[in-house]
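Notes follow once the structure below has been shown.
Quick note: the coordinates plus some simple rules give every number you see, no bench work behind them. Here the structure is a predicted model, which means the values were calculated and not measured. Cβ coordinates were reconstructed from backbone atoms using ideal geometry, including for glycine residues, and neighbour counts include every protein chain displayed.
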Amino acid sequence: MPLRLLFVADTHVPNRARMLPSQVWAAVESADVVFHAGDWVTASLLDEFEHRSRRLIAVHGNNDGPELRRRLPGTTAVTLDGVRFAMVHETGPARGREERSEALYPDADVLVFGHSHIPWDTTAPKGLRLLNPGSPTDRRRQPVCTYLTASVDDGALLDVQLVEVRKD
């Protein structure tokens, strides 16, 4: 049976939004595994994710203070059903990202990242898949707020979907 995945980043609660939209919480609660690529801002949001997620994989971001940095790593890696994931908040400039990421994460099949608030789904020359879910609370210059869903089954990442967040 496939594992249902949710990818979020750059939630910035309460700086960009007082709370996450109910659509995002519903996605958290229905996922088998939730990835959060940093910029939580408050530890209480991490607490809520830990409470509502079946399994949470998380890193801290550049806007996360000492408590979040104490509780979360800057990078992490996990293998789910044969797919090797790495996650970090920031990957640097868009130009050269694929090649740079392949050099930094040679053992990963998928790199999840955030920081830019710009959704990203590309495959690097040697096969590394790069995913940025955008932000569910702060669209910046994007037309809408977003997150990503996907599944893993039998060693394959499947059905990657960019999901538009509707405001409550």
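Cβ crowding within 10 Å, taken as a proxy for footprinting-reagent exposure, orders D153, D47, D10 from fewest neighbours to most as D47, D153, D10. Using every pair of separate Cα atoms, the Kirkwood estimate puts the hydrodynamic radius of the chain at 15.7 angstrom. Computed from the Cβ-Cβ distance with R0 of 41 Å, the FRET efficiency linking R141 to M1 stands at 0.60. Extension gain for T76-R54 works out to 6.1 nm (0.36 nm per residue, less the C-alpha to C-alpha distance). Per residue, the chain reaches -5500 deg cm²/dmol at 222 nm when only DSSP H runs of four or more residues are counted, each adding -39500 (n - 2.57).
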